[in-house]
Each structure stands twice: as C-alpha cells, then as structure tokens.
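*Asks:* Before I ask anything, here is the structure I am working with.
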Amino acid sequence: MGTAVFACKASDVAPGSVIRVDFDQGALAIFNIEGSFYATDDRCTHGLSSLSKGALDGDVIECSLHYGGFHVPTGEAVLPPCSINLKTYVVEMREDDVFVVLD
Ligand code: FES
C-alpha cells in the first residue's frame, strides 16, 4: 500500500508535455497525454538522463540522451537501446490536483 502525495496542479502540465517533480524518494516525470495524467520515474533505465527533458511523441517518451523510449502508460521499453521497463505510479486526480501513489 502506497501513500498518495501531491505532485502538481493539472494546469502545470500542458497537454502533450511532461514535467519533473522531486520527492524525497526520487524524481518523477508527470505526463499529460490528451488530458490523462501519468507518472513514471524520471530517470531513464538506460542511463543518467532525465526523461522530463525528452520528447513526448503521442504516448511514447523519447530519451534525449540516446533516443531510447518508453510507452508512458505502461512503462514498457519500446525504443532501443532501452530494454528495462520504466517504473510507473498510480495517479489520482483530486479536482485540479495531481496526486501520485508512492511506495
Ligand atoms: Fe536514456 Fe540512454 S540514457 S536512452
């Protein structure tokens, strides 16, 4: 059972974009894909890169370092050289607030 913590306002993340939010447990990337919000680890599983600095193409985030990519809703590694799936987090919307459930 995780704890839902406030991440950001929905309006902080424009549709088709991603921001980084830092928590004590680490940095998360918060995505807005056509009005649906998703949360994943911000750090690429391939190396030391912040995915919130990458390019969001539909529901795939492309890492800016070696152009690997992940399917945001599932965290599945879909573009090489990424092969390790990305950790995803449950998102809860409370009015205009985005909460994520941390472990
Ligand atoms: Fe992300 Fe290499 S660090 S693809």
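The values are calculated or read from the model by the stated rules, or taken from the named source; none is laboratory data. Owing to the predicted nature of the structure, the values given are computational and were not obtained by experimental measurement. Cβ atoms come from the backbone with ideal geometry, glycine included; neighbour counts cover every protein chain shown. Remember, those area values only see protein heavy atoms, side chains included, never the ligands or the DNA or RNA. Shrake-Rupley method; radii C 1.70, N 1.55, O 1.52, S 1.80 Å.
*Asks:* Identify all residues within segment 1-43 that are over 15 Å from G58 (Cα atoms) and acidic (D, E); write none if there are none.
*Replies:* If the condition is that a residue be over 15 Å from G58 (Cα atoms) and acidic (D, E), then D12, D22, D24, D41, D42 are the ones that fit.
*Asks:* Being over 22 Å from A7 (Cα atoms), part of a strand (DSSP E or B) and away from the ligand (no atom under 12 Å from the Cβ) is the filter here, so list the residues in segment 51-103 that pass it.
*Replies:* D57
*Asks:* Ok, one more. Since P15 meets every condition but one in (1) modelled with pLDDT of 95 or more; (2) within 22 Å of L102 (Cα to Cα), which condition does it not meet?
*Replies:* Among (1) modelled with pLDDT of 95 or more; (2) within 22 Å of L102 (Cα to Cα), the lone unmet condition for P15 is (2).
*Asks:* Kindly establish whether V98 is open to solvent by less than 90 Å² (accessible area, probe 1.4 Å) and free of Cβ contacts under 8 Å to residues at least 24 places away in the same chain.
*Replies:* In short, no.
*Asks:* Ok, one more. For a quick check of your reading of the model, give me the residue pairs whose first member lies in segment 37-49 and is touching a residue at least 60 places away in the same chain (Cβ under 8 Å), whose second is more than 9 Å from the ligand (Cβ to nearest atom), with beta-carbon atoms closer than 6 Å and at least 6 apart or on different chains.
*Replies:* Between residues of segment 37-49 that are touching a residue at least 60 places away in the same chain (Cβ under 8 Å) and residues that are more than 9 Å from the ligand (Cβ to nearest atom), the close pairs are F37/V91; F37/V98; A39/L28; A39/I30; A39/Y89; A39/V91; A39/V100.
*Asks:* Within segment 2-33, which residues are within 17 Å of T88 (Cβ to Cβ) and part of a loop (DSSP other than H, G, I, E, B)?
*Replies:* Residues satisfying the conditions are G2, V13, Q25.
*Asks:* Only one of G35, G47 is out of contact with any helix residue (DSSP H, G or I) (no Cβ under 7 Å at 6 or more places or on another chain) and within 16 Å of the ligand (Cβ to nearest atom); which?
*Replies:* Of G35, G47, the one residue that is out of contact with any helix residue (DSSP H, G or I) (no Cβ under 7 Å at 6 or more places or on another chain) and within 16 Å of the ligand (Cβ to nearest atom) is G47.
*Asks:* Restricting segment 16-32 to residues that are open to solvent by 30 Å² or more (accessible area, probe 1.4 Å) and in contact (Cβ under 8 Å) with a residue 12 or more places away in the chain, which is nearest to the ligand (Cβ to nearest atom)?
*Replies:* R20
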